[in-house]
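Each remark here refers to the structure printed beneath this line.
The values are calculated or read from the model by the stated rules, or taken from the named source; none is laboratory data. No experiment lies behind these values; they were computed from the predicted model shown. Here the Cβ positions follow ideal geometry from the backbone for every residue, glycine too, while neighbour counts run over all protein chains shown.
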Protein chains: 2
Amino acid sequence: MLYQGNRVDLLSIETTHPDGGSVRREVVSHPGAVVILPMLDEDTVLLIRNERPCVLETLWELPAGTLEAGEEPIACAARELEEETGYRAASLEPLLEFYTSPGFCNELLYIFLAKDLSFVGQNLDETEKIEVVPTSLPSALEMITDGTIRDGKTIASLLFFIHR
Amino acid sequence: MLYQGNRVDLLSIETTHPDGGSVRREVVSHPGAVVILPMLDEDTVLLIRNERPCVLETLWELPAGTLEAGEEPIACAARELEEETGYRAASLEPLLEFYTSPGFCNELLYIFLAKDLSFVGQNLDETEKIEVVPTSLPSALEMITDGTIRDGKTIASLLFFIHR
């Protein structure tokens, strides 16, 4: 353990090579996270405008959030969808899973399709600044194509859903 | 600066809120990276099997690599394509850009389409274990759908290219 953080840890791991040698490398250890693709109706997805201090930009994204200790991904998806957008989903279906940056970080994302939504009220963490924007699928696709959407998980999840 | 690593640093940044308060959060600072989508012909993409100690899996991915200090993304793309696959591209075209995990990491990826390839010989870093696998686009799409491809940048880049 090189550094123990609040949200991520920095580890040093040793890997071996075919030639018998070994090398140490740094790994960012992350608990994993969920992404939710919430469909308000057949043609309308809920996107969020998310202020991201880390990259000094407000990004267009799908709702998402980090797994809490011992939390099942589907429970996390239900919780984060409601906190960030104010909508509760009667249906949550696993869509796909992927690593965000497997060269140096073990973060795995679980993506869920959320349907049959009902509004119960947004409940943001005090550190979050999020605006919910219902967006037609053709508009979302255009926003990917023209570079407006610059978040990898959002691009991968939306294109996967549209394509399947 | 919380920790200075070889490849990434861990920083602590302060962000302010509308209510006037502020909070510190950890940010993984990354130099950025490139992804290359190399088309061997109209229908065949070069995928790689990449042993990833960080996630204890061998992943199907597109070739990729981290920017060196002062390196232009397109120069990095040419270098990494040649090192990892052994192919040199006469044409490198920017496709899209996205953040991999903007909640805690500032890594930005620059994706390039590589065409007009000629084989000059693979030149792997001694810590890399990479196998190059020419794959038809329909097969690659099937590998995304059935969960064989589990790397976010590869899913986003391939679907973007197929969809445009």
Regarding B:L117, is this residue part of a strand (DSSP E or B), more than 10 Å from chain A (Cβ to nearest Cβ), at pLDDT 95 or above and touching a strand residue (DSSP E or B) at 6+ places or on another chain (Cβ under 7 Å)?
yes
Could you tell me how many of the residues in the range A:130-144 are assigned to a helix (DSSP H, G or I) and either more than 9 Å from chain B (Cβ to nearest Cβ) or surrounded by fewer than 17 Cβ atoms within 10 Å (Cβ to Cβ) (or both)?
6
Residues that are more than 11 Å from the chain's Cα centre (by Cα), in a loop (DSSP other than H, G, I, E, B) and not acidic (D, E), drawn from the range B:53-73:
B:P53, B:C54, B:V55, B:L56, B:A69, B:G70
Could you go through the range A:98-121 and let me know if any residue there is without any contact (Cβ under 8 Å) to a residue 24 or more places away in the chain and of a type in the set (V, I, T).
no
Looking only at residues that are more than 7 Å from chain B (Cβ to nearest Cβ) and farther than 23 Å from B:C105 by Cα in the range A:145-164, which one is surrounded by the fewest Cβ atoms within 10 Å (Cβ to Cβ)?
A:D146
Scan the range A:145-161 residue by residue and report those that are in contact with a strand residue (DSSP E or B) (Cβ under 8 Å, 6 or more places away or on another chain) and assigned to a helix (DSSP H, G or I).
A:G152, A:K153, A:T154, A:I155, A:A156, A:S157, A:L158, A:F160, A:F161
When you scan the range B:132-164, how many residues do you find that are free of Cβ contacts under 8 Å to residues at least 60 places away in the same chain and of a type in the set (F, W, Y)?
0
Within the group A:V8, A:V35, A:V45, which residue is of a type in the set (V, I, T), surrounded by 22 or more Cβ atoms within 10 Å (Cβ to Cβ) and not assigned by the TED database to the domain that holds A:A114?
A:V8
In the range B:67-82, what residues are out of contact with any Gly (no Cβ under 7 Å at 6 or more places or on another chain) and either under 25 Å from B:I162 (Cα atoms) or crowded, with 21+ Cβ neighbours inside 10 Å (or both)?
B:P73, B:I74, B:A75, B:A77, B:A78, B:R79, B:L81, B:E82
